[in-house]
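A quick write-up on the structure given underneath.
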Amino acid sequence: MIARSEYARRRRELMRMAGGDAAVVVAAAPERMRNADAAYPYRQDSDFHYLSGFAETDAVLALLPGRAHGQAVMFCRERDSEQERWHGPRVGTEGAVASYGMDDAFPIDDIDDILPGMLEGRTRLYCHFGREPEFDARLLAWMRRLRAARGGGVVPRELMALGHLLHEQRLYKSPGELKALRRAAEIAAEAHHAAMRATRPGAAEYEVEAELLRVLHARGAVPSYPPIVAAGANACVLHYASNRARMAAGDLLLLDAGAEWQCYASDITRTWPVGGRYSRAQRALYDVVLAAQQAAIAEVRPGRPWNACHDAAVRVIAAGLCDLGLLPGDPAAAIESGSYQRFFMHKTGHWLGLDVHDVGDYRVDGESRLLEPGMVVTVEPGLYVPVDAEDVPARYRGIGIRIEDDVAVTAHAPDILSSGVPSAPAEIEALLAAGHG
């Protein structure tokens, strides 16, 4: 979905921002071992993917503005028939040029002999120093070799944080990226529908998770993060992870799950009744959260501060908590004192893109960042009433609710990428009834 020409454009833009006397070096994600000789499923480093689309490990991308023999240089594994028999085909150096648009490519085994010379004379080196200790050590060894060979003065004088430039670039999504994010949301929406159909009293949370994963994998996606499948009071644990409990007819089920498709993420949360219908207390809290989300989404417009979404959600939630008797006094006092945070303790959203919690500054010059077209955010207010909240009416205790959607900032109205999953309670109840009919 992301064209080869777009990767080339990204590299050109990054080199323009870095300057003609700089170099950029980015390493692919290393393979990580789960145990013994079994590796975790490989997932490319997001920055490396953003600049190359290259999916293999043991690779390094060097961007060298002005280099006569080509500015984009890839170091990667060579083709090897014996290794490929065990692990599958490799792209190889020729493929890096032919299929990925690199200007030049060399074997990764030769990087120590070739790359240091390419860095000679550059005044600044942009890299992710501190992210991967093994690669940091290699980078410093190249600098020491240059210094020793040339007597000093020719190595980059500054090691610059690459994220300062690259993550600002990644914050603004291209049309191709927005299509990928929309597809990730569509796949996740289909998986949420399947999870609703799998929900029934007596079933285990992991049975719902299994149905969710079935759909993701069937559509060529993987989970963008470990799914949260939380029944009853488990939904009050924000990062609930075990997914082992049984569901009861009077429970709500909170499902926080997204799809990653071609490295782009979705992040969706819905909360529905296991027995098919919300109780009066559940519906009362649900309506507060839904109204808070709608107020927050209305703030996802160009020129609005990033924190306007959260502030809008807080105002609605504080008023709802006071109206229902969960908080004493008036909403303004609840906001000023922060007492609402007992039941709503997290922020209302985050950037979304190649990472679920995507890169980009939330504040600029000490002020909340203004939203601009091309940015994508999640909007996810919630309410969580602990089981042991003895000062709260018993009917509300142990209820956890979160509603989360993925929203793109456009020149006009907010674009809800995840609209394929209903959030209106009547629509959810109808979907549950149809799924069990």
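The values are calculated or read from the model by the stated rules, or taken from the named source; none is laboratory data. Keep in mind that this is a model prediction, so the values were computed, not measured. Neighbour counts are summed over all protein chains in view; Cβ atoms, including those assigned to glycine, are modelled from backbone coordinates with ideal geometry.
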Within the stretch 163-170, can one find any residue that is of a type in the set (G, A, S), in a strand (DSSP E or B), in the same structural domain as D21 (by TED's automatic domain parsing) and in contact (Cβ under 8 Å) with a residue 24 or more places away in the chain? no
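Take the conditions in the same structural domain as L181 (by TED's automatic domain parsing), surrounded by 22 or more Cβ atoms within 10 Å (Cβ to Cβ), touching a helix residue (DSSP H, G or I) at 6+ places or on another chain (Cβ under 8 Å) and not aliphatic (A, V, I, L, M) and apply them to P328. Does it pass?
So P328 does not fit the description; no.
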Among the listed residues V387, V407, V359, which satisfies the condition of being buried (at least 19 other Cβ atoms within 10 Å of the Cβ), in contact with a Gly (Cβ under 9 Å, 6 or more places away or on another chain) and either within 27 Å of V229 (Cβ to Cβ) or in the same structural domain as A298 (by TED's automatic domain parsing) (or both)? V407
Of all residues being farther than 24 Å from G117 by Cβ and in contact (Cβ under 8 Å) with a residue 24 or more places away in the chain in the stretch 17-34, which is nearest to the chain's Cα centre (by Cα)? Just the residue, please. A29
Please state which one of A188, A203 is outside the structural domain of A18 (by TED's automatic domain parsing) and surrounded by 18 or more Cβ atoms within 10 Å (Cβ to Cβ). A188
What are the residues in the stretch 49-69 that are touching a helix residue (DSSP H, G or I) at 6+ places or on another chain (Cβ under 8 Å) and closer than 13 Å to R11 by Cβ, if any? Y50, L51, S52, G53, F54, L61, A62, L63, L64, P65, R67
Does the stretch 151-158 include one or more residues that are crowded, with 18+ Cβ neighbours inside 10 Å, in the same structural domain as S46 (by TED's automatic domain parsing) and either at pLDDT below 95 or assigned to a loop (DSSP other than H, G, I, E, B) (or both)? yes
Restricting attention to the stretch 95-136, and to residues there that are of a type in the set (G, A, S) and buried (at least 16 other Cβ atoms within 10 Å of the Cβ), which single residue is farthest from R67 (Cα to Cα)? G95
If we take the stretch 1-66, then strands (runs of 3 or more DSSP E) inside it with 1 or more residues that are buried (at least 21 other Cβ atoms within 10 Å of the Cβ) are 22-27, 60-63
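Here is a yes/no grid of residues against (1) on the phi < 0 side of the Ramachandran plot; (2) over 23 Å from the mean Cα position of the chain (by Cα):
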residue	(1), (2)
V215	yes, no
G220	no, no
H239	yes, no
A257	yes, no
Y264	yes, no
G276	no, yes
L285	yes, yes
I317	yes, yes
Is the stretch 137-151 home to any residue that is under 18 Å from C263 (Cα atoms) and charged (D, E, K, R)? no
Collect the residues in the stretch 388-412 that are part of a loop (DSSP other than H, G, I, E, B) and under 24 Å from I187 (Cβ atoms), keeping them in residue-number order. I403, V409, T410
Residue among G88, G53 that is in the same structural domain as A105 (by TED's automatic domain parsing), at pLDDT 95 or above and either more than 29 Å from the chain's Cα centre (by Cα) or over 25 Å from L139 (Cα atoms) (or both): G88
Residue hits (the stretch 68-94; under 20 Å from S5 (Cβ atoms) and crowded, with 16+ Cβ neighbours inside 10 Å) are Q71, A72, V73, M74, V91
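Results for (1) touching a residue at least 24 places away in the same chain (Cβ under 8 Å); (2) within 13 Å of R402 (Cβ to Cβ); (3) touching a Pro at 6+ places or on another chain (Cβ under 9 Å); (4) not assigned by TED's automatic domain parsing to the domain that holds T378, shown as yes or no for each residue.
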{"position": "A221", "(1), (2), (3), (4)": "yes, no, no, no"}
{"position": "S224", "(1), (2), (3), (4)": "yes, no, no, no"}
{"position": "L255", "(1), (2), (3), (4)": "yes, yes, yes, no"}
{"position": "S266", "(1), (2), (3), (4)": "yes, no, no, no"}
{"position": "T269", "(1), (2), (3), (4)": "yes, yes, no, no"}
{"position": "A281", "(1), (2), (3), (4)": "yes, no, yes, no"}
Of the conditions (1) buried (at least 20 other Cβ atoms within 10 Å of the Cβ); (2) closer than 23 Å to L253 by Cβ; (3) not aromatic (F, W, Y), the single one that M345 does not satisfy is (1)
